[in-house]
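Worksheet: the structure to be examined is printed underneath.
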Amino acid sequence: MRRRRLVVALATALALAAGLAAPAATATPAPAGRSGHPGTVLRHTSLGPVLGIDDRRGSGTHSWLGIPYAEPPVGDLRWKPPVTHHRWHGVRPARAYGEGCAQPGRFFSPSPDGPHYDLEVRDGLRQPVGQEDCLTLNVFRPATARRNLPVVVFVHGGSNVVGYSADPMYDGRTLAHEADAVVVTVNYRLGLFGWLAPGRTTGDPETDSGNYGTLDQIEALRFVQANARAFGGDPGNVTLMGESAGAVNVWALLVAEQARGLFHKAVPMSGGLSTTTADAARAYADQLADAAAQEAGLDGPAAGAALLRQMSADDLVRLALRHGLDGTPAVIADGAVLPRDPYAVLAAGAARDVPVLAGNTLEEGKLFGGLVGAHRPGDRDRFTMQYEFDPDRPSPWTARDFLVDAYLPVDGPGGWDEASDALTDLVFTGIARDSMNAVQSSGNDRVWYYQFAWDNQPPPFDDVYGAVHAMDLPFVFGTFGRTVFSYAFSRQNAPGRLELSGLMIGSLRQFVRTGSPQTHRIGVRWPQWPASVVLDADDRRARVSVGSFS
């Protein structure tokens, strides 16, 4: 015991001294557990030692935040494949999240004043937020001595344009503790920084691919392979999980040759195999370069390309916003990082030996009312209303406060339910079906699927959003505190949703160990695709049933 105290004291002293040699992350630290006074915990990685958070008396976990896995992609490294981070000298503090990657502010973006979620997120809407120096990851594990734990690597969503690993929805402590696993959450380059095909050929296939965000994720997986054992994980049992664009990335990595063997199971949530062509990517890059040239009084994308390299990250985001080019095409079927016909590669057996647990929410489309002009308030007002809503008090609002009259009544002909179902089918259902069919047709006999149906929110959000896109994330991570979805979580619905969350984490815990999500606790036999398990709950208890894909 005395020796252990000496080691901890020495590690702390080294960490303080290392602040001069290795930069600390600048974000707000992760919240303390119930004790309020977490300690420190040291681990030695392939890049150097990191000092994280020992919160065994609070959340029952250890955490290491803001670990850089690649060199900052700035200056000459902008629009280049990631370069493995250099080794650091001394102990690097790993007690605060790294910055979110540069992006145009949206609902799921970080606050303008750092990588956290608060009311100030609204002040960053349609403004540059995040930083270009952002390639970090976070590691969570139970505060036990157990080794060879399964590893879960999570890739956040956000249309491959926005998002950040420090989003409180992705706090990995509860999942790590309850699933008895090492959980890793990853930042990767986004938007025009992550997927921009160069206007000229450099001769290097990875650089010419434009798939820098995809390559970042591969580099993060390589870090996990090199360092899983340092955190008590098993590098031979890595599950890659992602939601929305994160799920699109998971499917892409299933067919990426460079990712082969870096992970062994896949959990793509609300996404499918979806790529853009190299020609479309180059056309986008030319449009962006041409916009820069026009603003500088020059002519053509060739002149603008040089300007793009000279611009700051914030100025690049502003340029894209001014010209309506903030929706970068991704992921790119370039023929080098990703095959030109990814479905053919998937059907031919690229993922034949990788168990897949995929799913969708039943009302995915209700997050995307802006696409069809359904929202009555603007984004800033809508964010404020949802942020300030108290789910434990009677609502002052009805659906009419959020939805225009054309979509009311919600359940009427042509109403919001019907319109959002069409959005769900258009954006999500087709690629989910095609992806699952392709991997199953390759001979994979471990292909599982769920449908998340929980819509038991306080009015009017049960009608406005319901089982909306990404609503399953707080259930999988067990994160029911202040998030973009906290309007939904009341004391009244707590018993049922907490039971449902426990069942979902339990099924994931089983899947990452065995390749099957089946547990006796869910009370039904989980069939293979195209059948599904439907996950729901009322105020008092979870409800699990067997259904079919629709």
**Asked** Within the chain, which complete DSSP H helices have Cα atoms spanning at least 18 Å along the helix axis and a mean Kyte-Doolittle hydropathy of 0.5 or higher?
**Response** 2-18
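When DSSP beta bridges are limited to those with both residues in the range 355-548, what percentage is antiparallel, rounded to the nearest 5?
Numbers: 8 of 18 bridges.
Approximately 45 percent, going by the DSSP bridge assignments.
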**Request:** On each of the three principal axes of the Cα atoms of the chain, give max minus min coordinate, whole Å, ordered largest first.
**Result:** 71, 63, 51
**Prompt:** How much length is gained if the chain between Asp299 and Gln492 is pulled fully straight, taking 0.36 nm per residue apart and subtracting their Cα-Cα distance, in nm to one decimal?
**Reply:** 63.3 nm
**Asked** What fraction of the DSSP beta bridges in the chain is antiparallel, stated in percent and rounded to the nearest 5?
**Response** 50 percent
**Message:** Per residue of the range 56-69, what does 6.51 cos²θ - 1.76 cosθ + 1.60 with θ = phi - 60° give for ³J(HN,Hα)? Whole Hz please, x for Gly and Pro, Karplus curve as stated.
**Reply:** 5, 8, x, 7, x, 9, 10, 9, 10, 10, x, 7, x, 10
**Leu149 long-range amide H proximity, modeled H, under 5 Å** = Gly233, Asp234
**Message:** Can you list residues from other chains, or at least 5 along the same chain, whose modelled amide H is less than 5 Å from the amide H of Met241?
**Reply:** Val153, Phe154, Val155, Val267
**Request:** Calculate, in nm to one decimal, what Arg57 and Arg340 gain on full extension: separation in residues at 0.36 nm each, minus their alpha carbon distance.
**Result:** 96.8 nm
**Request:** With a cut-off of 11 Å, note down the residues of the range 94-117 whose backbone N falls inside the zone around a label point 7 Å from the Cα of Thr384 toward its beta carbon.
**Result:** none
**Item:** Interchain or long-range residues, amide H under 5 Å from Val41's placed H
**Value:** Gly52, Ile53, Asp54
**Request:** Check each of the trypsin sites (Lys or Arg not before Pro) in the range 224-281 and keep only those in coil by DSSP with at most 15 other C-beta atoms within 10 angstrom; list them in order.
**Result:** Arg260
**Asked** the range 192-249 to the range 360-380: how many Å between their Cα centroids?
**Response** 30 Å
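How long is the gain from Val534 to Thr84 if the chain were fully straight, where each residue apart is worth 0.36 nm and the alpha carbon distance is subtracted? Write down the numbers at each step before the final one.
Working: separation 450, 0.36 × 450 = 162.00 nm, distance 4.18 nm.
Difference between extended and current length: 157.8 nm.
No value in this document is a laboratory result; all are computed from the given coordinates. Small disclaimer: the values here were computed from a predicted structure and weren't measured. Virtual Cβ from ideal backbone geometry, glycine too; neighbours counted across all protein chains shown.
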